[in-house]
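**Student:** The structure that follows is given in the form of structure tokens.
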Amino acid sequence: MQNVMAEQQTYSDNGLLLDAREQNVPRGVVTAHPLVIERAKGSEVWDVEGNRYLDFVGGIGVLNVGHNHPAVVNAVTKQLGLVSHACFQVVAYPGYIELAQRLNALVGKGEDFKSVFFTSGAEAVENAVKIARAHTNRSGIIAFDGAFHGRTLLGCTLTGMSQPYKQNFGPFASEVYRLPYPNAFHGVSDDDCLQALEQLFAVQILPERVAAIIIEPVQGDGGFLPAGSNFMQALRRITEKHGIVLILDEVQTGFGRTGTLFAFEQLGITPDLVTVAKSLGGGLPISGVVGKAAIMDAPLPGGLGGTYGGNALGCAAALAVLDLLENDNLLARSNQLGEQLNARLQQLAEKYACIGEVRGVGFMQAVEIIDFETKRPDAAMTQKILDCACQEGLLLIKCGLHRNVVRFLAPLVTTDSQLEEALHIFDIALARASGRLG
């Protein structure tokens, strides 16, 4: 043991640590960038060699309030001195109840809503499905192409991408049906999707047997594709007509990412259930389902829960995050940053033919990379761009069915100068990847 500890203490560069990672961590867990970070603050991280990077990934949309925000750190530190964990199914504690109250008011906007908390986004999705099935006494679930709903067995089933998520992990959960998701850039219209739903009802499952439709208002891993208000309002009318529960997966879009607290607020609808996670905890693992009280109360006592669900530290962090969103004008900042980012990306699209489309809502923006001759998705070019950006000090990741979309998930506390620096680096990365710059 002493030799192992001594060896650990000698790690002072990325190479040694990544070699140890290769030996000790399975290949199924991918790390996008070949570096190991030692500390972080706001929108910046520093690796073990002291190199600084602009973090425009934010833990994949987890850090809307930034790394190690003092308010979050203080809230968690205070809670750590009181109760770190008790399990809410054993004894209650104030943070869980207060967080439920606040989210119910924010999502329900005057209607009777209730909340239950878990640990991961996948848990929230799975429990939302359980709640919908309990409420309707139906089994069918409809999801969408390009969706991402987690890595559990049901999460993989609901996820609308075969690789890398499904692999050889089946057989998958039954009674899950799939529809195309609106994508104007690739010629999939709202009407196409709605007609596919009618065809699904006619051919595969009667609407009276469908418990829920689950949808991301803006697809995250699927390519930052907004569904749009017309489509979502049509979907809401259909679900209400047939008594189908409408579940909005706001795991990535929630807590200010799209310029409103939740993306559904821009769509003119009220969902039945909303799944939340990621930026709710400001870096701590906490998730939840927030929904109409009559639906949420459908499962019998004991049907919902989890050992770490709504952990006291996570609740404390979440309450601090909600305070920051309310008091620090972060929603307005999201819109401001989003407008600046979109405008600069549009300029870059005019400069580089490999950018096929710039899209997004609020500070949730992305560019789709294509082969400028064939107009087909170019995953290889996308990876080159990411690698070049990392070498220059900017962390980004890809998404999309064909992994050819560069997504921007910088914290909402990003400064104007940091955004400009990041876009300058992105410009250099595009130039180098496309051969304009050596």
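The values are calculated or read from the model by the stated rules, or taken from the named source; none is laboratory data. Worth saying up front: this structure is predicted, and the values here are computed from it rather than measured. Methodologically, a virtual Cβ is constructed for each residue, glycine included, from the backbone with ideal geometry; neighbour enumeration extends over all protein chains shown. Please note that ligands, DNA and RNA were not included when accessible areas were found on the heavy atoms of the full protein model with its side chains. Shrake-Rupley method; radii C 1.70, N 1.55, O 1.52, S 1.80 Å.
**Student:** Relative contact order for the chain: what is it in percent, counting Cα pairs under 8 Å that are at least 6 residues apart?
**Tutor:** Computed over the chain, the figure is 21 percent.
**Student:** Sticking with this structure for a sec: Which value does Rg/Rh take for region 88-147 over its C-alpha atoms, Rh per Kirkwood?
**Tutor:** Values: Rg = 14.1 Å, Rh = 13.7 Å.
Rounded to two decimals, Rg/Rh equals 1.03.
**Student:** Still on this structure, I have one more. Mind ranking 25, 107 by accessible surface for me, highest first, 1.4 Å probe? Please list the in-between numbers first.
**Tutor:** Working: 25 60, 107 5 Å².
Most to least solvent-accessible, the answer reads 25, 107.
**Student:** For region 55-176, what relative contact order do you get, as a whole percent, if you take Cα pairs closer than 8 Å and at least 6 residues apart?
**Tutor:** 13
**Student:** List, in order, the whole-Hz ³J(HN,Hα) value for each residue of region 367-382 obtained from phi through the Karplus relation with A = 6.51, B = -1.76, C = 1.60 and θ = phi - 60°; use x for Gly and Pro.
**Tutor:** Along region 367-382, the couplings run 10, 9, 9, 10, 6, 5, 8, 8, 6, 8, x, 10, 5, 5, 5, 4 Hz.
**Student:** Projected onto the charge dipole of region 326-438 (+1 at Lys/Arg Cβ, -1 at Asp/Glu Cβ, origin at the Cα centre), which of 354, 377, 332 gives the Cα projection farthest towards the positive end?
**Tutor:** Checked the options; the winner is 377.
**Student:** Then there's this: For region 89-152, with only Lys/Arg (+1) and Asp/Glu (-1) charged at the beta-carbon, what is the dipole magnitude about the Cα centre, in debye rounded to 20?
**Tutor:** 120
**Student:** Next question, about the same structure. Report, in listed order, any pair from 351/375; 130/292; 109/292; 351/384; 78/114 with a Cα-Cα distance greater than 19 Å.
**Tutor:** Over 19 Å Cα-Cα: 78/114.
**Student:** Along the positive direction of the dipole of the chain (beta-carbon charges: Lys, Arg +1; Asp, Glu -1; about the Cα centre), which of 212, 188, 137 reaches farthest?
**Tutor:** Going by the Cα projections, it comes out as 137.
**Student:** What ranking of 151, 436, 133, 257 comes out by heavy-atom accessible area, probe 1.4 Å, highest first?
**Tutor:** Largest accessible area first, the list is 151, 436, 133, 257.
**Student:** Okay, next question. Could you derive backbone 3J(HN,Hα) for region 55-66 from the dihedral phi with the Karplus parameters 6.51, -1.76 and 1.60 (θ = phi - 60°), listing whole Hz in sequence and x where the residue is Gly or Pro?
**Tutor:** 9, 9, 10, x, x, 6, x, 8, 10, 4, 8, x
**Student:** Still on this structure: Rank by packing, highest mean first: peptides 363-375, 209-221, with packing defined as the count of other Cβ atoms within 10 Å averaged across residues.
**Tutor:** Ranked from most to least packed, the peptides come out as 209-221, 363-375.
**Student:** Using amide H atoms built in the peptide plane, which far-off residues or other-chain residues are under 5 Å from residue 365 H to H?
**Tutor:** Under 5 Å from the amide H of residue 365: 408.
**Student:** Once every DSSP H run of n ≥ 4 in the chain is given -39500 (n - 2.57) and the sum is divided by its residues, what mean residue ellipticity at 222 nm do you get, rounded to the nearest 500 deg cm²/dmol? Before the final figure, lay out each step's value.
**Tutor:** On the way: 14 runs with 173 residues, N = 438.
Helix contribution divided over all residues of the chain: -12500 deg cm²/dmol.
**Student:** Show me, for region 240-246, the HN-Hα J-couplings you get by feeding each phi into the Karplus relation (A = 6.51, B = -1.76, C = 1.60, θ = phi - 60°), rounded to Hz, glycine and proline as x.
**Tutor:** Result, ordered by residue: 5, 4, 9, x, 8, 6, 9 Hz.
**Student:** With charges only on Cβ, +1 for K and R and -1 for D and E, what is the dipole size of the chain about its Cα centre, in debye, rounded to 20?
**Tutor:** In total the dipole reaches around 620 debye.
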